[in-house]
1. If each of residue 120 and residue 288 carries a label point 7 Å out from its Cα toward its Cβ, how far apart are those two points in nm?
2. So what J values fall out for region 73-90 if you push phi through Karplus, 6.51 cos²θ - 1.76 cosθ + 1.60 with θ = phi - 60°, rounded to Hz, Gly and Pro as x?
3. Run the numbers for residue 107 and residue 278: contour at 0.36 nm per residue of separation, minus the present Cα-Cα distance, in nm.
4. Between residue 222 and residue 152, what is the FRET efficiency for a Förster distance of 25 Å, r being their Cβ-Cβ separation, to the nearest 0.05?
5. Amide H of residue 223 versus every other amide H placed in the peptide plane: which residues, excluding those fewer than 5 positions away on the same chain, fall under 5 Å?
6. For region 172-303, what's the relative contact order in percent, using C-alpha pairs closer than 8 Å and at least 6 residues apart?
7. Can you tell me the length gained on complete extension of the stretch residue 259 to residue 177, counting 0.36 nm per residue apart and subtracting the Cα distance?
8. Note down the nm distance, to one decimal, between modelled labels 7 Å out along Cα→Cβ at residue 134 and at residue 241.
Amino acid sequence: MRTDKSVSTDNLLISILLSSLGLVGCGQGVVVPTLDGLGHTSAALSLGSLLEVNGSYGTNCAQRSGDWSAAIGGYASLTNSPLTVMQGDSGCSLILTSILIGSSGTTNLYTPSAPTLLGASFAASGMTLEQNGMGQPLYANAEIEPDLSFNSDFTINIVYSDDPRLVVTGISANYGVAQASVTIGSVSPPDYGLDLSGLNIQTNQSSVVQMTGGSAILDFMTVAGQQYAVTSTQLGANPSAAAIAADFQNATPSALSGNNPSIPASAFDLVGEDLSGSPQLNLIVQNQQMGLSAYELFQITFNAP
């Protein structure tokens, strides 16, 4: 949506996306890691690139014990057996024990002063990791998303940096919302309520968005919509019907489904955005009937913490 991203060159958010697969010969499934980056940097971290995260299973993990590894990108030389968790094993805990960093054919293993339990949210402060107690330390923070139930696909988000200020990501943005609707002919506009409580937008101390997660929810009232679009057009405080319609038509819409449809955080394209200027985005919902369209507009202001 926007190309003027301002992302720190020394901070990287990696998402470890775990997809659910069937376990052959058994009625219970497992979740196993495939990896996907949620963020990026405009230059390489001076310590190198993140190659591998290592850890151990807690004592209550079903059919799992010992150490595990999860690779970033195409890294294939895992230190331990690949991370897997039995699907629905809410009693299983995952403990981070080291991070492998690589640069120019050299790998360096960084370990925290004590193994770190991965929780459902980032810690208030990051962990400090060192390479054999020598050299420049590495700072990191991690969370499991969306929760610790392991009922479905889940993500391990890891923020790491050589600057400790950039892993304090437990700073949440807050929002302001203005609402309007446009009736065209006999077509009624959607009349959803907008619930942003499930939207998770984390910034660093410079108010730059480091990661987003969760979803916004459209609470159904009486008139549903079929599509939505998110735009950054400055429509003003009292936009006309023509302006709202044109903004929607110039965007790339996405389909809505269900009685209370969700809009993923990624739809707002906020990673790298500086919230100190309170940027505003438009969420436009369309109800189309017999070739005519009516719209509901939410103007969302994203404020720095």
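1. 3.9
2. Each residue's phi maps through the Karplus curve to give x, x, 4, 10, 8, 5, 6, 10, 5, x, 5, 9, 9, 5, 4, x, 7, 5 Hz.
3. Contour length minus the Cα-Cα distance gives 57.5 nm.
4. Efficiency at R0 = 25 Å is approximately 0.20.
5. Amide H to amide H, under 5 Å and 5 or more residues apart or across chains, residue 223 pairs with 191.
6. Contact order relative to length: 38 percent.
7. Answer, rounded to one decimal: 27.4 nm.
8. Placing both labels 7 Å beyond Cα along the Cβ direction yields 7.5 nm.
Just so you know, all these numbers are worked out from the coordinates, no wet-lab data involved. As the structure is a prediction and not an experimental result, all values here were calculated from the model. When we count neighbours, we look across all protein chains shown, and the Cβ atoms used for this are built from the backbone with ideal geometry, even at glycine.
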